[in-house]
1. A:Ala321 versus (1) more than 16 Å from ligand 3 (Cβ to nearest atom); (2) free of Cβ contacts under 8 Å to residues at least 24 places away in the same chain; (3) crowded, with 24+ Cβ neighbours inside 10 Å: which is the lone unmet condition?
2. For the range B:22-45, which residues satisfy the criterion of being closer than 30 Å to A:Thr303 by Cβ, not β-branched (Val, Ile, Thr) and not in a loop (DSSP other than H, G, I, E, B)?
3. For residues that are in a strand (DSSP E or B) and either open to solvent by 20 Å² or more (accessible area, probe 1.4 Å) or modelled with pLDDT under 85 (or both), tally how many sit in the range B:46-71.
4. Residue check: is A:Ile167 surrounded by 22 or more Cβ atoms within 10 Å (Cβ to Cβ) and away from every other protein chain (no Cβ under 14 Å)?
5. Specify the residue that is modelled with the lowest pLDDT; the eligible residues are those in the range B:1-45 that are surrounded by fewer than 21 Cβ atoms within 10 Å (Cβ to Cβ) and within 16 Å of ligand 1 (Cβ to nearest atom).
6. Within the range B:90-114, take every residue that is away from ligand 3 (no atom under 16 Å from the Cβ) and open to solvent by less than 60 Å² (accessible area, probe 1.4 Å) and give me the one that is nearest to the other protein chains (Cβ to nearest Cβ).
7. Working carefully through the options A:Met148, A:Met197, find the one that is away from chain B (no Cβ under 11 Å), modelled with pLDDT of 95 or more and surrounded by fewer than 24 Cβ atoms within 10 Å (Cβ to Cβ).
Amino acid sequence: MYGWTGRCLRVNLTKNDFQLEEISQELMNKFLGGRGLGVKILYDEIDPTVDPLSPDNKLIFVSGPLVGTGAVTGASCNVITKSALSGTIACAKLRGHFGAELKYSGLDMIIVEGKAEFPVILSIMDDKIVIKPGLEYWGRTTSETENMFKSSLSDSWAARDTYLLSIGPAGEKLVPLANIMNDGFLSVGGAGIGAVMGSKNLKAIAVKGNHSVTIADGNRFVQVVTTLINKLNTAPLISQSVSSWGSAFLVGLCNQKGILPFKNFQSSSFDKSKHIGTEALSSAFSLRSRGCFACPIACIKKTDVNNSLFKGKGMAPTYMAIGALGLNCGITDLTNTGIANMICGEMGLDPVAAGGTIATAMELEEKGLLTKDSLKLDLRFGNGEDLIQALTLMATKKGYAKRIGQGAKALAEEYGHPELFMGVKSIPLVPFDPRSLQGMGLHFVTSNYGPHHLYAYTFFDEVLNIHEQLDPWTTEGKPEFVKRVQDITAVMDSLGLCNWPLMGLKFNNLVPMINSCLGTSYKAEDLFRVGERIWNLERLFNLRAGFGRKDDILPERFINEPIEDGPAKGQTSRADEMLNDYYNIRGWDEEGRPGSKFLKTLELESRDGKNKD
Amino acid sequence: MARIKIDHTKCTGCRLCEIACSLNHVGGVANPRRARIRVFREGSICFPTIAGPFVDAACTSKNDLIIGDQTYNMCLICRASCPEKPFFIEAETGFPLKCDFCGIPPSPSCVRWCNSGALELIED
Ligand code: SF4
Ligand code: SF4
Ligand code: SF4
């Protein structure tokens, strides 16, 4: 077995027990690993209607086969579970070095079941697997947890090779907006997962190992990777933008195109973009680049130690943070956004979900639907201090902030204005306005994981025109396009690759790397087929959990209120018009259900008899 | 003489150098513990360090390494493998590892895969 280690650790926290299992080659071939494998296990092993916070839910950490091999950007570890925020399937992507270290521990996957009696830490250090009592870690922030664990090791050099993922106070308190932190980076797409980890009383997982990952054709692999590194290095968008500013380079661009939302998506143009552009960013944070394992792009920006305010702590805000915690809450001061982002990291809150929730609360307050008394908090658009205070209280469930912590949808409903929730399937939208980005809008409604661009990077072509010149406002050809990008992303995630290299490379460029590493002879189309299989399995999970066409809709604002001003003035989302076409292209019926005949062509079976053709 | 210059301010901590070294010395095997270069992380700074000679006793006196207003452990950039710092020793064999300036000239393997400019081949 190349790339894969073929081994899985199954931990049952209720029984305080674990066992090692083999993963069959057949499963690997069919689902690749990473996200695909995790989805398959979750689909087979849990009842999709289960309460996400009950011991019956499972939490799966799974690295892809290319992780740890040196394949460019082969770093990603996926976390799969049933989300505590939406009730759909959830998949977070862990960045940094945890995924690779998991492979060096001789494991592809950890399956966590049950619930520990008291807080524990799972420690997998040089083949010694221990479920350690973790009471003294409970209540600690994520960086405190990491430091405490590392200083508890007798050998300080071993501590340097140890990688840790943990939840913060938000996850412990079962706040459904909680996320997971590893290596000082918040996972992306992790809203609702931190709470699941908290419900299992699992505070952290530490890994360190010295197993090797083997590669089928070492010589060819080294050649191919060398070429790809050089290609990425000369791709203008990567070397000039992504490597310098991280995703924050998109801020100015999206603002110019009327995509960047302001004040809970009430408008999509912001005239003082100088305040939030890349220059402002580097002067506020003095950026320092950090890369995930084996990544030549290094899009992650830390603050520099010489920065007087942040002193090297925390991440500089990304596009997501600037959009969701900043502008969408009306906050244009990057320092405040940076502090808010850091609090999210320390407390283990998801910036997009938490930002979206606060933006909703702010709109409720702006419209006079929320009195100061009802939440005992000031939440005014544009007020950074309000934001910072709310985040801390939310994470610790202190006072009335408990109610905001339930998420934007619950809050909007509680105050009788569900239309002010800007999200899909209970998950707030990432800061891309679906009115001025039609493909993204269609992806938002159809995504198995809620409205997150992470599962289909349509803006590569709709905004940046990298592979194709697509008009962001047209709906023509978008259903095919969205399906294609969704499937490709499923493949990338399952292999354990980051998606950013596709800003400088074509998917085809990666195929020789995949094959020389795994000893396979895939063609790009074969892999897309696997992507399609994974997407359909995720859909089946959600259908069985009770989701369907009725949930594939955007908030009314995007359909009925045209963008008022700015470059995309007059646009509305036409995602609903494209939905039938999309279902059709996917091979689904008008309710968005794959039929059993179609599933057979994908070598899938639905587990109940409901999905007739 | 050709040498590898290390600029820790540019290092992103991606560890492609470690894997390049491992793959180049043990065919088809990716394992940072078999690399003759390791990237040590301390706070937000990464120090790439290339394996030098093996010594069987630790230093008796050490200097402090001061960068900005922070003080670091000198061992972080020391190239030796010693009883104080159990790196650059092959786990299975206990064999000490030392950089042999490998790869296809002109660039050593680690330099070739380092995209940030932290590792650079210089002549002096
Ligand atoms: S591009 Fe960014 S997120 Fe992707 S692997 Fe590199 S550093 Fe990580
Ligand atoms: S020159 Fe070769 S042997 Fe030396 S550290 Fe670099 S890759 Fe390893
Ligand atoms: S390859 Fe270069 S940037 Fe990456 S860890 Fe090694 S020295 Fe640092």
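The values are calculated or read from the model by the stated rules, or taken from the named source; none is laboratory data. Computed from a predicted model, the values in this text were never measured in an experiment. Note that each Cβ is placed from the backbone with ideal geometry, even for glycine, and that neighbours are counted across all protein chains shown. With ligands, DNA and RNA removed, areas are computed over all heavy atoms of the protein, side chains included. Shrake-Rupley method; radii C 1.70, N 1.55, O 1.52, S 1.80 Å.
1. (2)
2. Correct list: B:Pro32, B:Arg38, B:Phe40, B:Arg41, B:Glu42.
3. So the count comes out to 6.
4. yes
5. If we take residues in the range B:1-45 being surrounded by fewer than 21 Cβ atoms within 10 Å (Cβ to Cβ) and within 16 Å of ligand 1 (Cβ to nearest atom), then B:Ser44 is modelled with the lowest pLDDT.
6. B:Glu90
7. Only one candidate qualifies: A:Met148.
Let's see how each residue does on (1) within 14 Å of another protein chain (Cβ to nearest Cβ); (2) without any contact (Cβ under 8 Å) to a residue 40 or more places away in the chain; (3) farther than 30 Å from A:Lys203 by Cβ; (4) surrounded by fewer than 24 Cβ atoms within 10 Å (Cβ to Cβ):
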position: A:Leu260; (1), (2), (3), (4): no, no, yes, no
position: A:Lys263; (1), (2), (3), (4): no, no, yes, yes
position: A:Phe285; (1), (2), (3), (4): yes, no, no, yes
position: A:Ile300; (1), (2), (3), (4): yes, no, no, no
position: A:Asn328; (1), (2), (3), (4): no, no, yes, no
position: A:Thr332; (1), (2), (3), (4): no, no, yes, yes
position: A:Met342; (1), (2), (3), (4): yes, yes, no, yes
